[in-house]
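Participant: One structure, pasted below without further comment.
The values are calculated or read from the model by the stated rules, or taken from the named source; none is laboratory data. Fair warning: this is a prediction, and the values are worked out from it, not measured in the lab. Cβ coordinates were reconstructed from backbone atoms using ideal geometry, including for glycine residues, and neighbour counts include every protein chain displayed.
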Amino acid sequence: MGEILTAAQMRAKEKSIMDSGAASGLELMERAGRGVVDAAIHAIGDLTSCNHHAVVLCGPGNNGGDGFVIARTLSEMGWTVEVFFWGKAEALSGDARHMHDLWTAIGEIRPMTAEAAGQGVCPTFLFDAMFGIGISRPIPIDCARAFETVTKRQTEDGMKRCFVVAVDCPSGLDVDSGEVLVPILEEDADDEAVMAYFPETVRPRLLPLHTDLCVTFHALKMGHCLTEVSDLAPAVVDIGLDADAVGQVPIPAGGPTVQVPPPELPTKAWVRAVTAIGAGGHKYDRGHALILGGGPGKGGAARMAARAALRVGAGLVTLAVPPEAVAENAAQLNAIMLSEVLDAKALATMLEDDRLSAICVGPGLGVGQRTRDLVLTALRMTAEDGRRVILDADALGSFADTPEDLFKACHDGVTITPHEGEFARLFPDLGQRVRRSDPSKPALGKVDAALRAAERLGATVLLKGEATVLADHRGASAIHSALYDRKAPWLGTAGAGDVLAGLIAGLSAAQMAQISHAIDLAAVAAWLHVECARSFGPGLIAEDLPEQLPKVFRDLGF
Ligand SMILES: NC(=O)C1=CN([C@@H]2O[C@H](COP(=O)(O)OP(=O)(O)OC[C@H]3O[C@@H](n4cnc5c(N)ncnc54)[C@H](OP(=O)(O)O)[C@@H]3O)[C@@H](O)[C@H]2O)[C@@H](O)CC1
Ligand SMILES: [K+]
């Protein structure tokens, strides 16, 4: 139900079902393989003009076992199936060996070499059943080459190419981190210029295993949500691991991570349950958001955050700026109120008014001592009463050299909204592992990194990106993916992050929202942010985002 699992959690689920006797490994594998065939045929739709020819690439583990089931299933349906195998039959697991033997009773197996795989007609389907959740290092170069040569087979009409289906995940995807473990071509490895030109982060592009559809089992895995693994959104096949069949299956510590928005609920119901959007009441019930703004000529970021806070539903929004920036802001604001705040002492006095229910600090403030003081004052003045504080941009950048000061001052009403760079400056040890600066250490998934950061802070972390990861100090975590059919690449525009911080502040201000967890409010904000970008489309600039909210709310049914 909307859970996103790690490889270990998936294994635990499988083991628990098998130990309970509700299903054997063989039954699960049979359901998995057949489920992939159903999903692939469903995705392609009309089979009348296809050549009913499939190639299955099987690896040495249980992912390969699924491949043998796929081959047999299609063969039973009258398809011509070619199977290439990388591994040794005698080294297969019991289940995969059984499926291997069932296939060899009806069909041929050839060793997986690029040369052999390149022969023959272009198939309708290429199934990648080489490596699944058991991968731990880059895939063998022969496997990558065999894959590539099948995709380059000549078609009869010279136009179409085969439809590639990844079984569980594209081979080489680390399903926990979303990292693609791709072999380095031997000839390139000797070429210093090539290696220098393609830094670690872009090297995967040298040898992409292009996938049209990924079919996974029981639930999405982290990697499917952190990286766009296929052109179509991944399909999830039910293989009978439902907890109801055997009572609750415990999820190992650290999970479950959930999808945003939760697929099991209508989105409107979710938004309604977490926020005050759509609720009646007085403007004071909707709270009063305070946005701190920067000096002269630096006010745009905070003004955009303030406008987002007001549009998303805060009853009142005040922008508080240094005295010398008052005139500039007064000329630009109408519904948003304006105050001056000279320094941290003035902010403390202002925050004695507890009707200021959410405070956003960071956009356009500038990095330095004044910002540090404002942040620490906002945190001190809200530590007792749990008022919500959103720290973004310069509020985070100002603590790059003294992150401990920030960690000590944070409380459970705080949400920080770093992008990857800001995150790495505040948490260098975690950031380095997410970026895998040291290839000898396994990559740390963004979810794990955010959870560890949230624990250090005792607060909520929203780590921005195409896949936005959310985590809090209680161990809750979530992913909002702007991938697949929710892609909005034009959201990467100046000021978009400021708008997101304003959205969180605006949602957090309402009286009703005080009982919601900060992570849930931030999740709704992240979803609305992308929804606004999708609603506007290409050409978007940050100012457009808040202006899309009325349409997004109407489309939701409010
Ligand atoms: N459990 C179940 O009931 C169900 C499981 N299901 C399916 O099983 C899949 C998981 O199976 P899995 O655990 O066997 O892992 P898999 O991904 O096939 O690969 C591991 C093998 O590859 C090897 N290997 C790894 N990296 C390598 C490399 N770079 N180069 C060379 N070798 C490498 C590794 O060897 P080793 O690391 O031990 O040397 C091992 O032999 C899962 O994704 C799903 O498809 C479904 O049927 C549903 C029921
Ligand atoms: K695979």
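Participant: Could you run through region 399-433 and say how many residues are buried (at least 20 other Cβ atoms within 10 Å of the Cβ) and over 19 Å from M381 (Cα atoms)?
Facilitator: Looking only at that region, the number is 10.
Participant: Still on this structure, I have one more. Take Q514 and decide whether it is over 19 Å from V260 (Cα atoms) and in contact with a helix residue (DSSP H, G or I) (Cβ under 6 Å, 6 or more places away or on another chain). Before the answer, list the steps.
Facilitator: Details: over 19 Å from V260 (Cα atoms): yes; in contact with a helix residue (DSSP H, G or I) (Cβ under 6 Å, 6 or more places away or on another chain): no.
In short, no.
Participant: Sort out for me the helices (runs of 4 or more DSSP H) sitting completely within region 390-442 that have 2 or more residues that are at pLDDT below 95.
Facilitator: Details: elements: 394-397, 403-409, 420-426, 428-434.
It comes to 420-426, 428-434.
Yes/no matrix, rows are residues, columns are (1) within 16 Å of ligand 2 (Cβ to nearest atom); (2) out of contact with any helix residue (DSSP H, G or I) (no Cβ under 7 Å at 6 or more places or on another chain):
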| residue | (1), (2) |
| --- | --- |
| S24 | no, no |
| A40 | yes, yes |
| H52 | no, yes |
| C58 | yes, no |
| A91 | no, yes |
| R97 | no, no |
| M112 | yes, no |
| E115 | no, yes |
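Participant: Same structure, new question: Taking region 157-182, which residues are touching a Gly at 6+ places or on another chain (Cβ under 8 Å), over 13 Å from K221 (Cβ atoms) and at pLDDT below 90?
Facilitator: V180, L181, V182
Participant: So which of A91, A12 is in contact (Cβ under 8 Å) with a residue 12 or more places away in the chain, in the same structural domain as I141 (by TED's automatic domain parsing) and under 17 Å from I239 (Cα atoms)?
Facilitator: Working: A91 fails: under 17 Å from I239 (Cα atoms).
Of A91, A12, the one residue that is in contact (Cβ under 8 Å) with a residue 12 or more places away in the chain, in the same structural domain as I141 (by TED's automatic domain parsing) and under 17 Å from I239 (Cα atoms) is A12.
Participant: Also, I was wondering about something else. Cβ-Cβ below 6 Å, separation at least six or inter-chain, first residue in region 134-146 and more than 15 Å from ligand 2 (Cβ to nearest atom), second in a helix (DSSP H, G or I): which pairs?
Facilitator: What qualifies is R145/A114.
Participant: Exactly one of these conditions fails for G458: (1) touching a Phe, Trp or Tyr at 6+ places or on another chain (Cβ under 9 Å); (2) surrounded by 20 or more Cβ atoms within 10 Å (Cβ to Cβ). Give me its number.
Facilitator: For G458, the exception is condition (2).
Condition check ((1) among the polar types (S, T, N, Q); (2) buried (at least 17 other Cβ atoms within 10 Å of the Cβ); (3) touching a residue at least 60 places away in the same chain (Cβ under 8 Å); (4) in contact with a Lys or Arg (Cβ under 6 Å, 6 or more places away or on another chain)) across all residues:
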| site | (1), (2), (3), (4) |
| --- | --- |
| L319 | no, yes, no, no |
| A330 | no, no, no, no |
| N334 | yes, no, no, no |
| E340 | no, no, no, no |
| A346 | no, yes, no, no |
| T349 | yes, no, no, no |
| E352 | no, no, no, no |
| L356 | no, yes, yes, no |
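Participant: Now for a different question. Take T493 and decide whether it is part of a loop (DSSP other than H, G, I, E, B) and either free of Cβ contacts under 8 Å to residues at least 24 places away in the same chain or of a type in the set (S, T, N, Q) (or both). Working first, answer last.
Facilitator: Values: part of a loop (DSSP other than H, G, I, E, B): yes; either free of Cβ contacts under 8 Å to residues at least 24 places away in the same chain or of a type in the set (S, T, N, Q) (or both): yes.
Taking the combined requirement at face value, the residue satisfies it.
Participant: Pairs under 8 Å by beta carbon, first residue on the phi > 0 side of the Ramachandran plot in region 164-177, partner near ligand 2 (Cβ under 6 Å from one of its atoms), six or more apart or different chains?
Facilitator: Note: pairs meeting the criteria are D168/N63; D168/G132; G172/F131.
Participant: Out of A89, A105, report the one residue that is exposed (fewer than 15 other Cβ atoms within 10 Å of the Cβ) and in contact with a His (Cβ under 7 Å, 6 or more places away or on another chain). Spell out how you get there, then give the answer.
Facilitator: Values: A105 fails: in contact with a His (Cβ under 7 Å, 6 or more places away or on another chain).
The conditions single out A89.
Participant: Select, from T104, T151, the only residue that is hydroxyl-bearing (S, T, Y) and either more than 31 Å from the chain's Cα centre (by Cα) or within 13 Å of ligand 2 (Cβ to nearest atom) (or both).
Facilitator: Working: T151 fails: either more than 31 Å from the chain's Cα centre (by Cα) or within 13 Å of ligand 2 (Cβ to nearest atom) (or both).
Going through T104, T151 in turn, the sole match is T104.
Participant: Does T73 count as surrounded by fewer than 17 Cβ atoms within 10 Å (Cβ to Cβ) and over 32 Å from the mean Cα position of the chain (by Cα)? Before you say what the answer is, go through the steps one by one.
Facilitator: On the way: surrounded by fewer than 17 Cβ atoms within 10 Å (Cβ to Cβ): no; over 32 Å from the mean Cα position of the chain (by Cα): yes.
No.
One line per residue, one yes/no per condition, for (1) modelled with pLDDT of 95 or more; (2) in contact with a helix residue (DSSP H, G or I) (Cβ under 6 Å, 6 or more places away or on another chain):
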site: P256; (1), (2): no, no
site: A276; (1), (2): no, yes
site: A301; (1), (2): yes, yes
site: V312; (1), (2): yes, yes
site: E324; (1), (2): yes, no
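Participant: Across region 357-389, what is the number of residues that are in a loop (DSSP other than H, G, I, E, B) and of a type in the set (V, I, T)? Spell out the reasoning first.
Facilitator: The first filter runs over region 357-389 and keeps only residues in a loop (DSSP other than H, G, I, E, B), leaving 362-368, 383-387.
With the extra rule that they be of a type in the set (V, I, T), the set shrinks to 367.
Adding up the residues that qualify gives 1.
Participant: Is it the case that region 493-508 has a residue that's in contact with a Ser or Thr (Cβ under 8 Å, 6 or more places away or on another chain), of a type outside the set (K, R) and more than 15 Å from P418 (Cα to Cα)?
Facilitator: Narrowing region 493-508 to residues in contact with a Ser or Thr (Cβ under 8 Å, 6 or more places away or on another chain): 497, 500-501, 504, 507-508.
Right, trim to of a type outside the set (K, R) and you get 497, 500-501, 504, 507-508.
Checking which are more than 15 Å from P418 (Cα to Cα) leaves us with 507-508.
Yes: one or more hits.
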